[in-house]
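Here's the structure, in C-alpha cells; my notes come after.
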Amino acid sequence: MKTVNHWIGGKTVEGTSGNYGEVTDPATGAVTTRVAFASPDEVDTAVAAAKDAYRTWRDSSLSARTAVLFRYHALLDAHRDEIAALITAEHGKVHSDALGEVARGLEIVELACGITTQLKGELSTQVSHRVDVSSIRQPLGVVAGITPFNFPAMVPMWMFPLAIACGNTFVLKPSEKDPSAANLLAELAAEAGLPDGVLNVLHGDRVAVDALLNHPDVAAVSFVGSTPIARHIHATASANGKRVQALGGAKNHMLVLPDADLDAAADAAVSAAYGSAGERCMAISAVVAVGAIGDELVARIKKRAARITIGPGTDPASEMGPLITAAHRDKVASYVTGAAAQGAEVVLDGTGFTVDGFEDGHWIGLSLLDHVSTDSDAYKDEIFGPVLCVLRVETYEEGVALMNASPYGNGTAIFTRDGGAARRFQLEIEAGMVGVNVPIPVPVGYHSFGGWKDSLFGDHHIYGNDGVHFYTRGKVTTTRWPDPADAPAGVDLGFPRNH
C-alpha cells in the first residue's frame, strides 16, 4: 500500500509518530493509501526547517524569487494532468473538474510571479524641512497553511506561492483525506529551485493543527474549512499572538427575479449546486425565487438535473463523481430523508443512488428540495453535498432580507435583466463576493477571495492585494539628512556654500 509521508527541508521524511490515517478511493470505497500523522515533535522539526530557511530566503532578491516561481509555473503546467489524476483518485471529482482546480491555482502562481510590483514601497519627500518618509513591506517569518479536502491543490496554491514570493517560509498542513497532491506540489517546487525548507508539508490531524497554532515560531496562519473549525483556528492562533485569516463555511444564495432568463438561471443553478458534487464553499445551495416564477424555475432545474451523468472521476463521460467519504455521504443523505418532515417538497431524491460496478463507492444522486423553510435543517446547515434548496418569496425586498438574515456571507448571486435591481443588490446584500448573472463569483487572482460574517474570521481575504498584505507587514521610516553644505568647517565635500 502506498504511504504518504512528510516533506521537510527539501526531502521526504518518514513519519515517526506511529499514527497513520487511511485514504480511500471514493469511487470504489477501497483503502488505497495510508498517510503519516505528525506528532508535535515532527511539527517542531518542520517549523525549525522553515525558520532556518527564512534567514536566507527573506534576504533573497525579488528577481531570484520570481525566477523560481516562473520555473515552478512551467512545471505545474507540464504536470497538470498528473496533479489532476491525484485529485480524482483521492477526492473523487471528475478529471475535467480537477484540471479546472489546477488552473485556478495556477492563477495565483502567476500573481506571485509579479510580486515585484506588489511589493513596491512608497516615498514622500520634503514632508518637513529636509525630511522624507518612506514605507516598505517586509515578510513575517514562518507562516502556516491549513487546507481543506475539497480543493487539495488549488487552496494550497492560493496560499504558499504568494507567501514565499513575499519572502516568508511555509509549513502546509493539507487535509488528511487527500494528501498526495500537496506532496507533488512541494516536489515540483524543489525541482524549480526553491531552497530546502522554504516549503514544507506536514500531514496529520488535530494534533498537528494545534501544534502549529501554539508554536511560538509560527507568525501567521491561513485556513480554509468549516465555520466551527475556522472559529477555533482564529481564537487559538490569535490568543497566541499570530496573524490569522480563517475562511469558514457558507450557505450561498441565488436570487432569481421575475424578469430573469429562466433557462440561464436554471443552467446556473444546476452547475453551481451540483458541480464537484456540491463539495465547495462557493456552491449555490439555496435558490430564492421571487414572485410567480418558482414553479417554472423548479421544473427547469429538475429537467436539467436529470441529465447529469454520475460516475467515477476517471470516466470521461462522468459529470459528477462520488463524495469524499462514506460518512460524509450518509450525513448529506440525512438532510434529504428528513426534509419532508420539516415541510419541504422533495422534488428529486438522490439518496440510494449507486453506480453499476462501483457499488461500494461513496455515491449519492442529485437532490432538489422545494418550498424549504428557513428554520429547517436543510436550509440552516452547510450540507456540502449535491442538495439544492428552493425558497419562495413575493418581493425583491423579502428575498434580500431572507438572505441577509443568514449567519453566512460568503458568495451570492442575482439573476435579472434589470441593471438597476442588480446595482441595488450589489450594495444591499451582506456577502463578500457577489455575482450578477454569474452563479459562482470566485474572483480572478488579482482580486481577493473572502466572505463576511461567519464565513471569515480575521481581517484579510485570501490572495490578491489582501493576500500580499496578510503575508507582509508595513514599516515606515522617517529620515532627515543634513545638507552637505552644512558640513563642519575644515571638511570640504565640494558643495558650494553660497546656496
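Antiparallel beta bridges, as assigned by DSSP with both residues in the chain, represent about 40 percent of the total such bridges. For every other residue with a beta carbon closer than 11 angstrom to the beta carbon of GLY399, add +1 if it is Lys or Arg and -1 if Asp or Glu, then tell me the sum. Cβ neighbours under 11 Å give a net charge of -3.
For the chain, the Cβ-based charge dipole about the Cα centre amounts to some 1380 debye (Lys, Arg positive; Asp, Glu negative; other atoms uncharged). For a straight C-alpha distance cut-off of 28 angstrom, the lysines reachable from LYS120 (same-chain residues fewer than eight places away being disregarded) are LYS51, LYS242, LYS475.
Subtracting the Cα-Cα distance of THR374 and HIS129 from their residue separation scaled by 0.36 nm leaves 81.8 nm.
By accessible area, using a 1.4 Å probe on protein heavy atoms only, the chain has 52% of its surface on carbon and sulfur. In percent, rounded to a whole number, the relative contact order of the range 317-463 is 16, using alpha-carbon pairs under 8 Å and six or more apart.
Measuring between their Cα centroids, the range 141-180 and the range 55-115 lie 11 Å from each other.
In a simple Cβ point-charge model (Lys, Arg +1; Asp, Glu -1; nothing else charged), the range 26-181 has a dipole of about 420 debye relative to its Cα centre.
On the beta carbon distance between GLU319 and TYR446, with R0 = 41 Å, the FRET formula returns roughly 0.85. Here the contact order of the chain, divided by its residue count and restricted to Cα pairs under 8 Å and six or more residues apart, works out to 18 percent.
Its Cα centre serving as origin, the range 1-99 has a Cβ charge dipole (Lys and Arg +1, Asp and Glu -1) of approximately 360 debye.
Using a probe of 1.4 Å on the protein chains alone, the accessible area found for MET154 is around 10 Å². When the chain is described by a simple charge dipole with +1 on each Lys and Arg Cβ and -1 on each Asp and Glu Cβ, the residue from GLY10, VAL131, GLY435 located farthest towards its positive end is VAL131. Membrane-span-like helices of the chain, defined as complete DSSP H segments with a Cα extent of 20 Å or more along the helix axis and a mean Kyte hydropathy of at least 0.0, are identified as 62-78, 95-113. On full extension, the segment bounded by ALA264 and LYS11 gains 86.2 nm, given 0.36 nm per residue less the C-alpha separation. The residues of the chain expose, per residue, 41 Å² of accessible area to a 1.4 Å probe.
Separation of the range 213-258 from the range 379-443 is 22 Å, based on Cα centroids.
Only Cα pairs under 8 Å and at least 6 apart count here; give the relative contact order of the range 211-311 as a rounded whole percent. All intermediate terms of the calculation are to be shown ahead of the outcome.
Values: 129 pairs, mean separation 23.9, N = 101.
This gives 24 percent for the range 211-311.
Of VAL346, HIS328, ALA289, whose Cα points farthest to the positive end of the dipole of the range 278-357 (charges on the beta-carbon: +1 Lys, Arg; -1 Asp, Glu; origin at the Cα centre)? Working it through, the farthest residue towards the positive pole turns out to be ALA289.
For the cross-link pairs LYS93/LYS380; LYS11/LYS453; LYS2/LYS173, which exceed 30 Å when the distance is taken from alpha carbon to alpha carbon? It would help to have the intermediate numbers written out before the result.
Values: LYS93/LYS380 26 Å; LYS11/LYS453 40 Å; LYS2/LYS173 19 Å.
As for pairs spanning more than 30 Å Cα to Cα, those are LYS11/LYS453.
The values are calculated or read from the model by the stated rules, or taken from the named source; none is laboratory data. Because the structure is predicted, anything quoted here is derived from the model rather than measured. Methodologically, a virtual Cβ is constructed for each residue, glycine included, from the backbone with ideal geometry; neighbour enumeration extends over all protein chains shown. The protein model used for the area step is the full one, side chains on, heavy atoms only, and it has no ligands, DNA or RNA in it. Shrake-Rupley method; radii C 1.70, N 1.55, O 1.52, S 1.80 Å.
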